[in-house]
1. What tally of residues in the stretch 369-408 results from selecting those that are out of contact with any Leu (no Cβ under 8 Å at 6 or more places or on another chain), within 16 Å of ligand 2 (Cβ to nearest atom) and of a type in the set (A, V, I, L, M)?
2. When the stretch 397-449 is examined, which residues are found to be surrounded by fewer than 19 Cβ atoms within 10 Å (Cβ to Cβ) and β-branched (Val, Ile, Thr)?
3. Name the helices (runs of 4 or more DSSP H) wholly within the stretch 197-262 that hold at least 2 residues that are touching a residue at least 40 places away in the same chain (Cβ under 8 Å) and of a type in the set (Ser, Thr, Tyr)?
4. Going by the structure shown, is residue 326 crowded, with 24+ Cβ neighbours inside 10 Å, within 16 Å of ligand 2 (Cβ to nearest atom) and touching a residue at least 12 places away in the same chain (Cβ under 8 Å)?
5. Could you grab the pairs with beta carbons closer than 9 Å, sequence gap of 6+ or different chains, first residue in the stretch 358-377 and at positive phi, second one open to solvent by less than 50 Å² (accessible area, probe 1.4 Å)?
6. Can you confirm whether residue 311 is at pLDDT below 95, more than 16 Å from ligand 2 (Cβ to nearest atom) and more than 18 Å from the chain's Cα centre (by Cα)?
7. Quick check on this structure: which one of 186, 163 is in contact with an Asp or Glu (Cβ under 6 Å, 6 or more places away or on another chain), touching a residue at least 40 places away in the same chain (Cβ under 8 Å) and part of a helix (DSSP H, G or I)?
8. Provide a single number: the residues in the stretch 190-223 that are touching a Ser or Thr at 6+ places or on another chain (Cβ under 9 Å) and under 30 Å from residue 99 (Cβ atoms).
Amino acid sequence: MSDLQNGREQWGSRLGFILAAMGSAVGLGNIWRFAYVTGESGGAAFLLIYILCILAIGIPILMAEFTIGRRAQSDVVGSFQTLAPGRPWVLAGFLGVASAFIILSFYGVVAGWSLHYFVQYFSGGPDVGNGGDYGSYFGEFISSPLAPLIWQFFFMALTVGIVFVGVKKGIEKSNKILMPLLAVLVLVLAGYSLTLGGAQEALSFLFTPDWSSLRDPNVYFAALGQAFFSLSLGMGALITYGSYLSKKDKLPGAAASVAGLDTLFAIVAGLMIFPAVFAFGIEPDSGPGLVFITLPGIFDSMAGGGLYGLAFFFLLSAAALSSGVSLLEVAVAYFMRKFQWSRQKTSIFVGLIIFAIGIPSSLGMGVLDHVSIFGRDIFDTMDFIASNVFLPIGGLIIALFIGWGWKKADVLEASDLGDSVIGTIWMVILRFFAPIAIFIIFLSSIGIL
Ligand code: PHE
Ligand code: NA
């Protein structure tokens, strides 16, 4: 079989790889998480720092992950063990597998909400006949003990199903069709939303920075975490995807298009959500429910809105699925090699464990809502540990590994950058700028700087 290399699968084409990496990047992070984190962090100043994080830290580390994966041709743990046997860099690999478990556990909860909304739109939408108090509808739904768990289980089953089928037939195929559809729909909805009357306020919220908020270290911390989360960075999803790439493809272009598309998606999603936030008088900092409360309002106000709702939550669920698949694949690729299990057995086993880990995050919205860990509920705690702590630390180790743990000439060749100006800038960023920036953002967020 031509798509097997050392017994591992390979992407069918370079385009298939880029689309799968885009599918990993574009997900709930661009719409659900981006909207509520931007809303909570005050808007434009956060957005500015976020974009700086993408450009100066995100893209270079994205390139680093592709480079590591393609050269090593192994999963996130095996890659470090192959490239630097017996050295401590492999810590990033174990952190990555741990992050995959944690992130997918709560990601599945939100993806389950999205699936639930999708299905509601078959019969007129959520809260149909109740006057459209979507805040209460959402609150009641997520705090009920059983229903969200069933949807979360359903999402995990779909994710396992795709990983079960394999890299090329499962992951590559599902991305090709659905991603462009989602892009078109988000653009149409943003265009419509900007006519709602909240447009003026939304544009100034998103693009006119309140400079004083730059004095709050948490804005930087939130922006860094969101950049890593949104780009699927720091936990080896892109090392794993890079490892299914044959030697001859060009990495820098792939890295730039993945980051560019992901960021564009987030900004257009912001243009879709925030006009509605202001038009309907919802507080921008209302938290993780933001899109589940504002979007049904948009659909309500549109002619034929029910169909838009149906299409939107279908595509959001599909985007979540392609991201969930990349999270699961990190853990599955590792355990398959480690224990010599079949792909089928591994994906079911790991999927079940991750579902179980996610149960408390879902129950924390209802029966376990008295549980608070340093002021955060269970769900937020999982998200915080993974997105704001594990991913940046993983990224820091990856940057240092490429910058210092590997011979420079070798790195430049492995990355396709070669002896170029961009190659030099990339190395300087990975050696000095990115590690120092991440370190400083950490220290200031815990109040040391
Ligand atoms: N990037 C995905 C999103 O924006 C989430 C994700 C994080 C996927 C980390 C893989 C790894 O939804
Ligand atoms: Na994203």
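The values are calculated or read from the model by the stated rules, or taken from the named source; none is laboratory data. All figures in this text were calculated on a predicted structure; none of them were measured in a lab. Cβ placement follows ideal geometry from the backbone for every residue including glycine, while neighbour counts extend to all protein chains displayed. Side chains are part of the model used for accessible areas, which takes the heavy atoms of the whole protein and leaves out ligands, DNA and RNA. Shrake-Rupley method; radii C 1.70, N 1.55, O 1.52, S 1.80 Å.
1. Looking only at that region, the number is 1.
2. Across the stretch 397-449, the qualifying residues are 421, 422, 424, 425, 428, 436, 440, 446, 448.
3. On the way: elements: 199-207, 217-230, 237-242.
Output list reads 217-230, 237-242.
4. Details: crowded, with 24+ Cβ neighbours inside 10 Å: yes; within 16 Å of ligand 2 (Cβ to nearest atom): yes; touching a residue at least 12 places away in the same chain (Cβ under 8 Å): yes.
Considered against the rule, which asks whether it is crowded, with 24+ Cβ neighbours inside 10 Å, within 16 Å of ligand 2 (Cβ to nearest atom) and touching a residue at least 12 places away in the same chain (Cβ under 8 Å), residue 326 comes out as yes.
5. Partner pairs satisfying both residue conditions: 374/381.
6. On the way: at pLDDT below 95: yes; more than 16 Å from ligand 2 (Cβ to nearest atom): yes; more than 18 Å from the chain's Cα centre (by Cα): yes.
The answer is yes for residue 311.
7. On the way: 186 fails: in contact with an Asp or Glu (Cβ under 6 Å, 6 or more places away or on another chain).
Unique residue meeting the criteria: 163.
8. 10
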